[in-house]
Amino acid sequence: MIQCRRLSKDFKHYQKVGGFVGSLRQLIKRDYEVRSAVADFNLEIGRGEMVGLLGPNGAGKTTLMKMFSGIIVPSRGELTVLGHVPFEREQPFRKKIALVMGQKSQLWWDIPAMDSFLLLQKYYEIEDRQFKERLAELSSLLGVERQMQVHVRKLSLGERMKMELMACLLHRPEVLFLDEPTIGLDVVAQRSIRDFIAQYQAQYQTTVILTSHYMADVEALCKRIVLVLGGQKRFDGPIGAFSNILGLEKFVTVTFGESIGTEADDYFKAFDPHWNDVRTRVDLRIAESDVRQRGVEILERFPVVEFSMEKLPIERVMNELLVNPHLLKGAVS
């Protein structure tokens, strides 16, 4: 469905000295530097996959999405999506993809969402019967049957995002690009959007590429993760393998009945402790093979009132890799 080889994108960043003299100099010669947003990027995504693109701000995730959808032209490399070259923007290609950007809207602000849907029906040449069936199905799944006649500017952020999803799915695309679809939404709205995406993808086997700063989105939806750092692919594989990059460790949270003095630090320092302000709770990382023994020791030596354990959260793995990218050496598949 998606295949790219040594894909790169460079941008010119113009430099200007402040003041009137600097403006005059710009009339004669414009100084600039070339920065690489994406460099030598290789990727293959198969039909029906749901892949999460992870990375910090400025890593190149949105640039990749825009190249995949044909909005911007690559500087170098090869790229095909559904057998088409995206930036050529052929009509058959545009009918097979959809792009949702959480920070930009494709709906007209001052008219009801229904009017925008009718316009999109003509744009994508959807038959009346199919349009009505899809509209009824999507509005029912998202629970927005009564909001379609309301002006978009009067909808809540969560309702607007649901309308954006409806707009991009009316023509039933084969590839769906979701760039931060839950940004700014509350927890309930995020869960609602995630549930809908998972249900829709399972039903129609749509290929989905998702970027998100919310690790819960990626964990709930994606089985495969691609980590982008500095415009380069640094990891590509199953989400379980990504979680194990830092080793087979457990994330242990211990709550105590009283504040624990600093004399206990010698014991806990080997487990990367993170204490709360009053030292009544500590988060630890303990090797999987050592959890049982250490758990017994902690219960015997300290006034424990609660002891919980889980696999190392993917968000914490991500934070650790951003601080220490050398841990990813050899992780790209």
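Of all the options GLN26, GLN91, GLN147, the one that moves most in a Gaussian network model of the chain with Cα springs shorter than 10 angstrom is GLN26. Per atom type, the chain shows carbon and sulfur on 50% of its accessible surface, probed at 1.4 Å. For the range 149-164, 3J(HN,Hα) computed residue by residue from phi via the Karplus equation (6.51, -1.76, 1.60; θ = phi - 60°) reads 9, 8, 4, 4, 5, 9, 7, 6, 4, x, 5, 5, 5, 5, 5, 4 Hz, glycine and proline entered as x.
Along the range 63-74 the Karplus relation, 6.51 cos²θ - 1.76 cosθ + 1.60 evaluated at θ = phi - 60°, assigns HN-Hα couplings of 4, 4, 4, 5, 5, 4, 8, x, 6, 10, 9, x Hz to successive residues, with x for each Gly and Pro. Considering only chymotrypsin sites (Phe, Trp or Tyr not before Pro) in DSSP loops that have at most 16 other Cβ atoms within 10 Å, the longest stretch of the chain without any of them is 110-333. Working ranking of peptides 72-84, 51-63 by packing, defined as the average number of other Cβ atoms within 10 Å per residue, highest first, is 51-63, 72-84.
Give me the 1.4 Å probe accessible area per residue for the range 151-209, excluding ligands and nucleic acids, in Å².
Numbers: 2140 Å² over 59 residues.
Per-residue accessible area for the range 151-209 comes out at 36 Å².
The amide H of THR206, built 1.01 Å from its N in the peptide plane, has no neighbour under 5 Å, considering only residues 5 or more places off or on other chains.
Assuming a ≥ b ≥ c are the square roots of the Cα gyration tensor eigenvalues, decide whether the range 77-193 counts as rounded (a/c under 1.5), prolate (otherwise, with a/b larger than b/c) or oblate. Present the calculation step by step, with values, prior to reporting the outcome.
Values: a/c = 1.95, a/b = 1.35, b/c = 1.45.
Cα axes put the range 77-193 in the oblate bin.
Which one, VAL175, VAL85, VAL226, has the greatest fluctuation when you compute a Gaussian network model over the chain with C-alpha springs under 10 angstrom? Most flexible of the set in this elastic network: VAL85. Within the same chain, lysines fewer than 8 places from LYS95 are excluded, and of the rest, those with a Cα less than 19 Å from its Cα are LYS66, LYS122, LYS132. Going through [x] 27, 43, 22, 8, 0; [y] 26, 46, 26, 3; [z] 33, 54, 14, 0, the figure that equals P(r) over Cα pairs in 20 Å bins from 0, in percent as computed for the structure here is [y].
Distance from the C-alpha centroid of the range 1-66 to that of the range 173-210: 26 Å, rounded to the whole angstrom. So which GluC sites (Glu not before Pro) in the range 103-205 are both in a DSSP loop and have at most 14 other Cβ atoms within 10 Å of their Cβ? The qualifying sites are GLU125, GLU127, GLU145. Which aspartates and glutamates does LYS250 reach when only Cα atoms under 12 Å apart count, and residues fewer than 8 places away in its own chain are ignored? LYS250 reaches ASP272, ASP283, GLU288, ASP290, GLU310. Rounded to the nearest 5, the antiparallel percentage of DSSP beta bridges internal to the chain is 70%.
The range 167-249: which trypsin sites (Lys or Arg not before Pro) are DSSP loop and have at most 14 other beta-carbon atoms within 10 angstrom?
On the way: sites: ARG191, ARG194, LYS223, ARG224, LYS233, ARG234; in loops: LYS223.
Passing both the DSSP loop test and the Cβ count: LYS223.
A dipole drawn for the chain from +1 and -1 charges on Cβ atoms has a positive end, and of HIS274, GLY231, VAL208 the residue lying farthest that way is GLY231.
The values are calculated or read from the model by the stated rules, or taken from the named source; none is laboratory data. Nothing here was measured: the structure is a model prediction, and the numbers come from that model. Here the Cβ is made from the backbone with ideal geometry for all residues, glycine too, and neighbour counts use every protein chain on show. Ligands, DNA and RNA are excluded from the accessible area calculation, which covers all protein heavy atoms including side chains. Shrake-Rupley method; radii C 1.70, N 1.55, O 1.52, S 1.80 Å.
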